[in-house]
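Peer 1: Right, I'll just put the structure down here and ask away after.
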Amino acid sequence: MNIAPTIEGGLRIDPENPKDWHILRAIVIDATQSHNDLASRLGAVITDERLSEDWNDIIVPDLRESFSDDLHHIQAAIETAAAFPKDKRSSIWVTREDAMQWYSALNQARLALEDTHRFSTSPDPDPKNLVRFEAYLRSQFYCAFQSLLLRHAITL
C-alpha cells in the first residue's frame, strides 16, 4: 500500500493487493471490537459520581454518535473506492475536510486494540501469537497513518 501527500494538502491511499484492503477494512473492525465503545470507556475514567452521571447522560450519546459517524465515513470511502475503481485503480483520497474523521477512526481502532491486547504493558508481541502480533502490526500502521495525517492533511 502506498500513502502519499497530495498537492491539495491531503493524502492519497493506493491499496495494491487484497491484504491492503483487509488492513483498511480492519480499521472499522478493530474500532468496534471492544465490548465497551470508546465513548463509554472515556466516561469510565471520571471518578466523581455526580460528574460521571452527567457525563454519561449528556456527553456520551453525542460522543458515541460522532465516533460512529467517523467510522461510517471512512468505511464508505473504502468500500466506494473498492467497488468503483477509476482507470483500473482504486485510490482513496483523504482531503483536509475529512482528515479528522480518518484520524478519529484510526484513534478508535488503536485504543480498542490497546484495550484488548495491552501493548503498553508488553510492547514486544511474540510472533508465535499470530492474532496479537497482527493486531500489534495494525496498531503500528494506524499510528504511522495518523502521523501522515497530522503532517499533511490536518491543519490546526
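Peer 1: In region 108-156, which trypsin sites (Lys or Arg not before Pro) fall in coil by DSSP and have 15 or fewer other Cβ atoms within 10 Å? It would help to have the intermediate numbers written out before the result.
Peer 2: Details: sites: R110, R118, K128, R132, R138, R151; in loops: R118, K128.
Hits after loop and neighbour filter: R118, K128.
Peer 1: Which option, [x] 29; [y] 21; [z] 62, is the value of percent of Cα pairs over 27 Å apart that was calculated from these coordinates?
Peer 2: Given [x] 29; [y] 21; [z] 62, the structure-derived one carries the label [x].
Peer 1: In whole Hz, what ³J(HN,Hα) sequence does region 40-50 give by Karplus (6.51, -1.76, 1.60; θ = phi - 60°), x for Gly and Pro?
Peer 2: Residue by residue, region 40-50 yields 5, 5, 5, x, 5, 6, 6, 8, 5, 4, 5 Hz.
Peer 1: Amide H to amide H under 5 Å from F119: which residues, 5+ apart in sequence or cross-chain, H placed 1.01 Å off N in plane?
Peer 2: When sequence neighbours closer than 5 places are left aside, there are no close amide H contacts.
Peer 1: Specify the angular offset, from 0 to 90 degrees and rounded to the nearest 10, of the alpha carbon long axis of helix 18-31 from the longest principal axis of the alpha carbons in the chain.
Peer 2: Helix 18-31 and the main axis of the chain meet at about 20 degrees.
Peer 1: Give me the angle, in degrees from 0 to 90, between the Cα long axis of helix 130-152 and the longest principal axis of the Cα atoms of the chain, rounded to the nearest 10.
Peer 2: 80
Peer 1: At a 10 Å Cβ-Cβ cut-off, how would you order D37, D48, D14, fewest neighbours first? Let's see the in-between values first.
Peer 2: Working: D37 18, D48 9, D14 14.
Lowest to highest Cβ neighbour count: D48, D14, D37.
Peer 1: Another one. A144: net charge of surrounding residues, Cβ under 12 Å, Lys/Arg +1, Asp/Glu -1, itself excluded? Present the calculation step by step, with values, prior to reporting the outcome.
Peer 2: On the way: positive: R110, R138, R151; negative: none.
Every neighbour counted, the sum reads +3.
Peer 1: Shifting gears a bit: Hand me the GluC sites (Glu not before Pro) from region 1-110 located in a DSSP loop with no more than 12 other Cβ atoms within 10 Å, in residue order please.
Peer 2: On the way: sites: E8, E16, E49, E53, E65, E79, E97; in loops: E8, E16, E97.
Answer in residue order: E8, E16, E97.
Peer 1: I'd like the FRET efficiency for I46 and K86, computed as 1/(1 + (r/R0)^6) with the beta carbon distance as r and R0 of 41 Å, rounded to 0.05. Display every interim value, and only then the final one.
Peer 2: Values: r = 47 Å, r/R0 = 1.14.
Computed FRET efficiency for I46 and K86: 0.30.
Peer 1: Between region 103-123 and region 1-65, how many Å separate their Cα centres?
Peer 2: 10
Coordinate-derived values only; no laboratory data. What you see is a predicted model; the values in this text were computed from it and never measured. Virtual Cβ from ideal backbone geometry, glycine too; neighbours counted across all protein chains shown.
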